1. Go through 159, 134, 187 and say which Cα lies farthest out towards the positive end of the charge dipole of the range 118-205; charges sit on Cβ, +1 for Lys and Arg, -1 for Asp and Glu.
2. Below 17 Å, Cα to Cα, which lysines can residue 177 reach? Residues fewer than 8 away in the same chain don't count.
3. For residue 116, what charge total do you get from the other residues with a beta carbon under 11 Å from its beta carbon, if Lys and Arg give +1 and Asp and Glu give -1?
Amino acid sequence: MSDSFAVQAPDGVDESRRTWIAITCGAGAIGGVAAAVPFVESFAPSERAKAAGAPVEVDIADLKPGELKTVEWRGQPVWIIRRTPEMIAGLAKDEAELADPQSKRNPDDLTPPYARNRDRSIKPEVFVAVGICTHLGCSPNPRFAAGAQPSLPADWPGGFLCPCHGSTFDLAGRVFKNKPAPDNLRVPPHSYISATRLRIGEDKA
Ligand code: FES
């Protein structure tokens, strides 16, 4: 995806409102998994650079299997998840339930070429996604544990639940069928600077 990447606000929702909605709805998500989801501040570029949409770098050396980190890029939460082997294996099992399992919808906006695979990632174990629902811009909550739990089906494979209108996404950000969200979560442009350091917002380092 090019540097012109931007979350497409739904009709009638301007960018400032979408951001506000995302922050409001996301507060519960971040707070609910605070122990495993440190908000990374050390990456922070200057305020001027952030406003201009500069790429941000994040060290993922300390990201343990099953954990999620959130960084801010262009005012949006971007998730970095280190998937376990079980999480990766599960992506092959839920495809019949997904609306767009092969990420064919709006690929130029939603899925960079290097993430057009089942895992929607460069490396299967590291998933990067913009944490904003493609329905009306709330921030979905991580629900990584599989199995029955409130607001989710008994055969829940693990993924994300948007608290606003109930859209669900798998651990590659692929939306489940018959949900309000029309599309998979966006994979932002990103690249590896080293084995343990990512640059969010730029395809190539
Ligand atoms: S904003 Fe996520 S389901 Fe409506």
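1. The residue sitting farthest along the positive end of the dipole is 187.
2. The qualifying lysines are 93, 104.
3. Charge balance near residue 116 sits at +1.
Each value in this text was obtained by applying a stated rule to the coordinates, not by laboratory testing. Here the structure is a predicted model, which is why all the values come from computation and not from measurement. Glycine also receives a Cβ, built like all others from the backbone with ideal geometry; neighbour counts cover every protein chain displayed.
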